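Structure first, then comments.
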Amino acid sequence: MTKTLFINARLIDPVALTDQSGALLVEDGRIVENFDDSPKIPDANVIDCGGHCLAPGIIDIGVKVSEPGERHKESFRSAGQAAAAGGVTTIVTRPDTLPAIDTPETLEFVERRAQEDAPVHVLPMAALTKGRLGREMTEIGFLQDAGAVAFTDCDRVVANTKVFSRALTYARSLDALVIGHIQEPILSEGAAVTSGKFASLRGLPGVSPMAERMGLDRDISLLEMTGARYHVDQVTTARALPALERAKRNGLKITAGVGVHHLTLNELDVADYRTFFKLKPPLRSEDDRLAVVQAVADGLIDVISSMHTPQDEESKRLPYEEAASGAVGLETLLPAALRLYHAEMIDLPRLFRALTRNPAHLLGLDAGRLRAGAPADLVLFDPDAPFQLDRSKLLSKSKNTPFDGARMQGKVLGTWVNGTRVWENGQ
Amino acid sequence: MTFRANHLLGIEPLHPTEITTLLDLADSYADHNRKGIAHRDVLVGMTQINMFFENSTRTQASFEIAGKRLGADVMNMGMQASSIKKGETLIDTALTLNAMRPDLLVVRHPQSGAVDLLAQKVNCAVLNAGDGKHEHPTQALLDALTIRRAKGRLHRLSIAICGDISHSRVARSNIMLLGKMENRVRLIGPPTLMPSGISEFGVEVFEDMAAGLKDVDVVMMLRLQKERMDGGFIPSEREYFHRYGLDADKLSHAKPDAIVMHPGPMNRGVEIDGNIADDINRSVIQEQVEMGVAVRMAAMDLLAVNLRKKRGQEAIMA
C-alpha cells in the first residue's frame, strides 16, 4: 500500500471544468480522493505542489513513433521520454511506419517494443487499409483483439468511396473507431502551402482551404450511410466548422481533433521557406486559426494533439516543396497549448478537456479525470514559468520543431504514470 | 547612392533607392557597351560560377558575357547532368562549390526558395537567375531599365502584364518592382492562370485583353509554357491566341506610343503575333536582351563592392 498525497495544488478538473486549490490522494496507482484543503494522512508520502497546476496527464492521439522502419528518427524509448517530459502520459501511436502497422503481427511487435522501452502508456492504432493503400480493409477484428484502439490510414485519404464505405460499415459492426484525414486528395495533390497571397508571393503550390470542407462533407455523407464511429484527425479551417457542427447536431458519431501547431501558428510563419513549418495539412490563415481556437474553446473541436511527426535533418534541409512534412510536438504540446490560455482564449479546464478528458472518452479509457478510481496519470506544471526553447535539448531523436528559439511559458514539473513518477524537472 | 544587399535573391527585399542605384549604374554600362568601352578591372581576380539546375540559354549567356566584360573568371556548370542525378543534395552541392571559394554564384533552380536556401550555406555573393515560380530579379531589372530608357521615367506609368501570371517568376518580380517604383500594374489573363490571393497584391486584374490594355503605356507579354496548353489550364492554343494573343487589334486599345515587351523565348502565334514582335516602332524585345547584359554587369559590380567590403572587415576582425 503506497499512498501519495499531493497538497497545495491548483487542481485542473476537465470533467467538472473547475480550477481550484486542493489536494489529491493517490493509492496504488489510482486516485482515491480529492480534498478542498490539505488533510493529514499519517502514512502518506506528501508532495507539496507549491500552488502549481495538477491535471490529468495528456492523452496524445496521433503520435508517430518511427518504429518499425526508421528508428533513427524516433524510438519508443526516445518518444516515451519526450512524452514524460512533456506531461503526456498516454501516446496513441500512428500506423504510418515502414512497413505500415496493418497486421496483428506488426501490431504485436509495436506493443512489445513499447512495453520494454516507454515509461508512459502506449496505445497503438492500426491501418484501416492494407499497406495504407486504400484498396482492401485490414483485419479490423483481429487487430482490435490484438489491442488496436483505432483504425486510420493517417494522412492518406481512402479516395475510393466504395472501399471506405465498406471499411466504415465493417468497423461499425465491431464498434471500432475510425480516424480519417479529410483533405480532398486530388485538389491537395502537390500542395505545399495554403493558397492565397502568401503562397503566390513565395511561388509555392497552394491548396484551397475548401479542400478540407470537401473532404469533410464526403465523410459526413458516408457516416450517414454507415453509422460508423468516426474521428477527424485535424480540422484546421473556418469553412469546415459549420459542417462539423451540423453533423454533430444531427446525431452522427463524429468527433474532431486539431494539431497544436495549427492552433498557435499561421501560414506567415513559414516566412523565408522555413521547412520546419511545413505541415500536413499546411498552416492556414490567421482567420482560420482564430476560428479553430474558438471551436476548441466552444467544444466543437474535441481533441488537441501534438501530431508528433519526427523527421531527420536530411528530409527537412531541402527546397520547401521537396522537404518532408511534419513537426515533433510531444515536449512542446503543453507550452504551445498554454499560449491560448495566456492569450485568454480558453481557460485551463477547457484546455485540458481537449487534452485529456475528450481523448480518453473517445478511446474508452478511464483516464483523463481527477476523480476517485481513475488511474493516477498526472502532470504537475507551472503555467507561467517562462523559457526559450532550444531544440538541441529536446529528448526526441528528431529536433524538427517550429518552436526553436521561441519564447514560451509553461514548464512541466513532474509527470506520474499509474502513480509512479516518470519525470521530474531538472532530471 | 546606396546598395546594401549582399545577395540578389529577389526584388522583394530591395529598397526603391537600391533599385534606382542599380538601374543608374546599368544605364551607364549600357551606354559604354554600345561604345565598346571595356571595364575589365571591375571583377578582376574574381571567380563567377553559373549553376543552372534548369535549362537556359539566354540568361546563362547574358550572365556569362556580363561577367567576362567585367574581367571575372567565368565558369558554367550544367547542373542537370551532374551530381544531382547521383543523389547529391542541394546543400552538399553548395558546400562543395563553396569550398572552391567562388566570389559570385549565379543560380537558377526549378524549386521556389532553393536559391535562398543555397545562399544561407555559402560565403560569396549569390545572384538568383530564377527560382521556381518565385522570383527572377535580373529579368525585372532589365525590364525596368528598358522601360525607363523608352519612356524617360519609371513611375506613374500604366503597365499591363499579360498571360500566364500564375506560373511566372518574371511576373512576380515585375509586379514587385513596378509597384515599389509607384506604377499602376494591371494583370490580364484567364482566371485559371492567375495566382491565388492576387487581389491583395495592389494590382488591377482583367480577364479581357481589350479592357485591360486600354490606355496603358507598356504591354508586357509572358511566355505560355507548352505543358500548360493541353486543356489543363486553357482549352487550346488557338483559343488562347484568339482571346489573349497580342495582335494589332488588341494593341490598338493601348496608348499609341505603348511599347511591347516579352522576356523570351517567344511562341509566335500563341501569345504574340509575329508582326508585332518584329515591329521596330513598338517592340523593345531586342533592347530587353541588350539591357540584360548591362543590368547583370551592374548587379555583379555592386555585389562585388559589398563582398570586398565584407571580406575586408572580416580580415580586420580576424
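Values in this text are rule-based calculations from the coordinates and carry no lab data. Please read these numbers as outputs of a predicted model, since none were measured by experiment. Cβ placement follows ideal geometry from the backbone for every residue including glycine, while neighbour counts extend to all protein chains displayed.
Counting only DSSP beta bridges whose two residues both lie in the protein assembly as shown, roughly 35 percent are antiparallel.
Here the Kirkwood formula, the inverse mean of 1/r across different C-alpha pairs, assigns segment A:168-215 a hydrodynamic radius of 12.4 Å. Projected onto their three principal axes, the Cα atoms of segment B:1-118 cover extents of 45, 30, 25 Å, largest first. Fewest-first ordering of A:T255, A:T161 by other beta carbons within 10 Å of each residue's beta carbon gives A:T161, A:T255.
Under a Gaussian network description of chain A, with springs only between Cα atoms under 10 Å, the residue in A:Q81, A:Q20, A:Q234 that fluctuates furthest is A:Q20. Neighbour counting of Cβ atoms within 10 Å sorts the residues B:E182, B:E135, fewest neighbours leading, into B:E182, B:E135. When DSSP beta bridges are restricted to pairs lying wholly in chain B, around 5% turn out antiparallel.
Cα centroid separation, segment B:84-144 to segment B:211-284: 31 Å. I need the Debye-formula profile for segment A:304-427: one equal scatterer per C-alpha, no solvent, reported as log10 I(q)/I(0) at q = 0.12 1/Å, two decimals. Treating every Cα as an identical point scatterer, log10 I(q)/I(0) equals -0.53. Only helical runs count toward this figure. For the protein assembly as shown, summing -39,500 (n - 2.57) over DSSP H runs of n ≥ 4 and dividing by all residues gives -10000 deg cm²/dmol at 222 nm. The distance between label points at A:Q388 and A:E313 comes to 2.1 nm (points 7 Å beyond Cα on the Cα→Cβ vector).
The shape of segment B:189-318 can be summarised by an equivalent ellipsoid whose semi-axes, obtained from the alpha carbon gyration tensor, come to 37, 19, 15 Å from longest to shortest. The mean number of Cβ atoms from other chains found within 10 Å of a Cβ in peptide B:106-118 is 5, as a whole number. When only alpha carbons are used to place a centre, segment A:270-349 and segment B:8-75 end up 43 Å from one another. Amide H to amide H distances under 5 Å link A:A406 with A:L389, where only residues 5 or more positions off or on other chains count and H is placed in the peptide plane. Looking at chain A, what % of the alpha carbon pairs are farther apart than 26 Å? Everything past 26 Å amounts to 52 percent.
Between A:E116 and B:N76, the FRET efficiency from the beta-carbon distance, with R0 = 51 Å, is close to 0.35. Taking the inverse of the average 1/r across all pairs of different Cα atoms in the protein assembly as shown, what Kirkwood radius in Å do you get? It is 28.7 Å.
Other residues lying with their Cβ under 15 Å from the Cβ of B:R311 contribute a combined charge of +2, Lys and Arg counting +1, Asp and Glu -1. Within the listed set A:D377, A:D366, A:D43, the residue fluctuating most in the Gaussian network model of chain A (springs between alpha-carbon atoms under 10 angstrom) is A:D43.
Taking Lys and Arg as +1 and Asp and Glu as -1, the other residues whose beta-carbon sits under 11 Å from that of A:S200 total +3. Relative to the longest principal axis of the Cα atoms of chain B, the long axis of helix B:58-69 makes an angle of roughly 40 degrees. Scanning residues 5 or more positions from A:N400 or on other chains, those with amide H under 5 Å from its amide H are A:Q311, A:V328, with H placed 1.01 Å from N in the peptide plane. Once the Cα atoms are used to define both axes, helix B:90-99 deviates from the longest principal axis of chain B by about 40 degrees. Counting Lys and Arg as +1 and Asp and Glu as -1 over every other residue whose Cβ lies under 12 Å from the Cβ of A:E184, the net charge comes to -2. Compared with the dominant Cα axis of chain A, that is its longest principal axis, helix A:333-342 is turned about 80°. Of the three principal axes defined by the Cα atoms of segment B:207-257, the extents in descending order read 35, 17, 15 Å. Couplings 3J(HN,Hα) for segment A:249-266, derived from phi with the Karplus relation 6.51 cos²θ - 1.76 cosθ + 1.60 (θ = phi - 60°), are 5, 7, x, 6, 7, 10, 10, 9, x, 8, x, 5, 5, 6, 8, 10, 10, 10 Hz, where x marks Gly and Pro.
Reported to the nearest whole Å, the Cα centre-to-centre distance from segment A:388-427 to segment A:119-178 is 31. Model label sites at A:D269 and A:S21, defined 7 Å from Cα along the beta-carbon direction, differ in position by 3.5 nm.
Beta bridges per DSSP, both residues in chain A: antiparallel share near 50 percent.
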